[in-house]
Amino acid sequence: MLVDKKNNKVISGNKTSAIAPKDPPKEKPTKPLQVESNGPMDVLKAMKEILRSVTWEYGVENSPKIFKTVQIDDGQYERIISPSGNKEETLGFPAAFVHFINWRYLVQQSRINEGRAELRIRFILNSLNIHEDGHDMGVYYVAERIYQTIQESINKYECLQERCQLEYIDPMESFDHGLQPCWMTYEVWFRQRNIWATRNKIYKKFVCPPFTNHADQDPSVEGVNPDDHTNLEHPKTYNEATKYIP
């Protein structure tokens, strides 16, 4: 919409331009801003999904899954082999448990919200013939299958693409209660999302420059007025258009 500064009359070459109706358009409901989960939580979720997908044979269709139980490690194994008896609820074996043993953040000003962590995977088999040829290296085989599956799945999870590198494996050192525990430790780099990037963010849509009417835009162009804004009653200032209150 063009306005003559001398007599304050509306001048527009667009015949479809009109004065806005007095009834304001209805505001569309907005969804509340959701803060996404942080990096370490994403890593744990990804690792649990990967461990649940580890199979006994690589590349063999319908090969059975190795682990019947995959959980966050909060001391289940210690409660199973407790001297006073099993204090843990019934678990299906083989089982795998994951947790962080070291979780730290970088302190450089240019690397805010970046961190490093050591992720430990404790998997437990329940074979009794561990000294027989062909079964005495069962934990080594399962460790290899875990490593292969993680390497194959890294590209599916953004949280693992920064760095997810196997550091070392602690092979089986005991055979308590018919269980064979084994450790794998991974170094993981994560980048936690910054809540301050979206905190108190306000979305405003205004016509720029402020004296342009919505009807002056080409209606054949998709997306020029998705919210069906009406024309302006008078030329608005920047603060009026944005509803900004200093």
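The values are calculated or read from the model by the stated rules, or taken from the named source; none is laboratory data. This is a predicted model, so every value here is computed, not measured. When we count neighbours, we look across all protein chains shown, and the Cβ atoms used for this are built from the backbone with ideal geometry, even at glycine. Just so you know, the surface numbers come from the protein's heavy atoms only, side chains and all, with ligands and any DNA or RNA stripped out. Shrake-Rupley method; radii C 1.70, N 1.55, O 1.52, S 1.80 Å.
Structure data summary
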| read-out | value |
| --- | --- |
| Test: K68 is of a type outside the set (G, A, S), exposed (fewer than 15 other Cβ atoms within 10 Å of the Cβ) and out of contact with any helix residue (DSSP H, G or I) (no Cβ under 7 Å at 6 or more places or on another chain) | yes |
| Single unsatisfied condition, E173 versus (1) open to solvent by 80 Å² or more (accessible area, probe 1.4 Å); (2) over 24 Å from L91 (Cβ atoms) | (2) |
| From C159, C208, residue being modelled with pLDDT under 75 and either more than 23 Å from L125 (Cα to Cα) or over 36 Å from the mean Cα position of the chain (by Cα) (or both) | C208 |
| The range 75-126, residues that are at pLDDT below 85, hydrophobic (A, V, I, L, M, F, W, C) and either open to solvent by 80 Å² or more (accessible area, probe 1.4 Å) or in contact with an Asp or Glu (Cβ under 7 Å, 6 or more places away or on another chain) (or both) | I80, I81, V107, I112 |
| Conditions (1) within 23 Å of Q192 (Cα to Cα); (2) of a type in the set (A, V, I, L, M); (3) not in a loop (DSSP other than H, G, I, E, B); number of the one not met by I146 | (1) |
| Residue within the range 161-168 that is farther than 29 Å from E78 by Cα, in contact (Cβ under 8 Å) with a residue 24 or more places away in the chain, open to solvent by 40 Å² or more (accessible area, probe 1.4 Å) and not charged (D, E, K, R) present | no |
| Where a residue in the range 38-66 is touching a residue at least 24 places away in the same chain (Cβ under 8 Å) and its partner, wherever it lies, is surrounded by fewer than 16 Cβ atoms within 10 Å (Cβ to Cβ) and in a loop (DSSP other than H, G, I, E, B), with Cβ under 7 Å and at least six apart | N38/R193; T55/S63; T55/P64; W56/S63; W56/P64; I66/W56 |
| Residue list for the range 69-87, filter: assigned to a loop (DSSP other than H, G, I, E, B) and farther than 24 Å from I50 by Cα | I81, S82, P83, S84, G85, N86, K87 |
| Matching residues in the range 42-65 - criterion: being at pLDDT below 90, out of contact with any helix residue (DSSP H, G or I) (no Cβ under 8 Å at 6 or more places or on another chain) and either among the β-branched types (V, I, T) or assigned to a helix (DSSP H, G or I) (or both) | V60 |
| Considering residues of the range 211-233 that are at pLDDT 70 or above and in contact with a Pro (Cβ under 7 Å, 6 or more places away or on another chain) only, the residue farthest from Q148 (Cα to Cα) | T230 |
